[in-house]
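Student: Take this structure first; my questions come after.
The values are calculated or read from the model by the stated rules, or taken from the named source; none is laboratory data. These numbers were taken from a predicted model, which means no experiment stands behind them. Note: areas computed on protein heavy atoms with side chains; ligands, DNA, RNA excluded. Shrake-Rupley method; radii C 1.70, N 1.55, O 1.52, S 1.80 Å.
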Amino acid sequence: MEDEAVFSVLAQCFGPVDEAAWSQLTKGPLWSDFLDGARRVMQADELGAQEAPLARARRRCPLQEFLSSGEVNALFTPPTYAEKQAFAARHFAGGLPESALPVESLYRTWSTGAAPAPFSQQQGLYLGDSAHYLRELVQRFGMEVPPAFAACPDHLALELDLVAVMLRSGMREEARQFLAERFAWLTAYRMRLLTLDDDARFYIGLVDVIVAIRAQLTMADAAIA
């Protein structure tokens, strides 16, 4: 599975998807291809690079090198559609005691901007700086924020899908920079998932995949510098 497809699958895991699409993704060879692709990207120094089959074959470190055994087991047995919907209803909806929405603004501090504002330096609020940036970025691509994300254009699913769009468009460096700039908040989000009463290891594992990809690219940049 190519890099852009890996990020597209990650986006579907955190966003809304219909039952037929989820079944096709998780119950056939596509899921194995995704796990293999994710493992490869976590060890790559570049995004979207075309590698020879032999070079790809060398990237065979097991997922246990990056994730806990519980996370690996959860990723190899993805939730059913009913389980995904139930988890989303309890945790990916706002205003609930167990809400854990994957929205960047909720884990960033509002900036002061050009002038002091009522919510400056506060956390846990929607439509922060990242939301405005993402909405403008989507528009620059000639697209519109889907209605499901109108109130949270900096939702993780949309951010991951934008990485996929950039890679499909040949914007490898832009995708790399976007990944470095946008996903630092996932460390705090991961901590939120750990507090849930429900088993969130599937989603924690996915977050750790993204964090590992970002860390590998950061190390590669440091080595070049």
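Student: Keeping all protein chains in position, work out how much accessible area residue 168 exposes to a 1.4 Å probe, and write it in Å² to the nearest 10.
Tutor: Counting only protein heavy atoms, the figure is 130 Å².
Student: Also: With a 1.4 Å probe and every protein chain kept in, tell me what percent of the accessible surface of the chain is carbon plus sulfur.
Tutor: On the way: 6140 of 11180 Å².
In the chain, the share of accessible area belonging to carbon and sulfur is 55 percent.
Student: Give the long-range amide H neighbours of residue 48: residues separated by 5 or more places, or on another chain, with amide H under 5 Å away, using H modelled in the peptide plane at 1.01 Å from N.
Tutor: 3
Student: Given 0.36 nm per residue, what is the gain on full extension from residue 187 to residue 99 after removing their alpha carbon distance, in nm?
Tutor: Working: separation 88, 0.36 × 88 = 31.68 nm, distance 1.68 nm.
Full extension of this stretch gives 30.0 nm more.
Student: Mind checking the per residue accessible area of the chain for me, 1.4 Å probe, whole number of Å²? Could the numbers behind the result be given before it?
Tutor: Values: 11180 Å² over 225 residues.
Accessible area per residue, the chain: 50 Å².
Student: Please state the equivalent ellipsoid semi-axes for the stretch 124-169: what are the square roots of 5 times the Cα gyration tensor eigenvalues, largest first, in whole Å? All intermediate terms of the calculation are to be shown ahead of the outcome.
Tutor: Working: eigenvalues 64, 22, 19 Å².
For the stretch 124-169, the ellipsoid semi-axes come out as 18, 11, 10 Å.
Student: Same structure, new question: Can you compute the helix-only [θ] at 222 nm over the chain? Use -39500 (n - 2.57) per DSSP H run of at least 4 residues, normalise by all residues, nearest 500 deg cm²/dmol. Working shown, then result.
Tutor: On the way: 11 runs with 127 residues, N = 225.
Helix contribution divided over all residues of the chain: -17500 deg cm²/dmol.
Student: Between residue 27 and residue 180, what is 0.36 nm times their sequence separation minus the Cα-Cα distance? Round to one decimal in nm.
Tutor: Details: separation 153, 0.36 × 153 = 55.08 nm, distance 3.18 nm.
Between residue 27 and residue 180, full extension yields an extra 51.9 nm.
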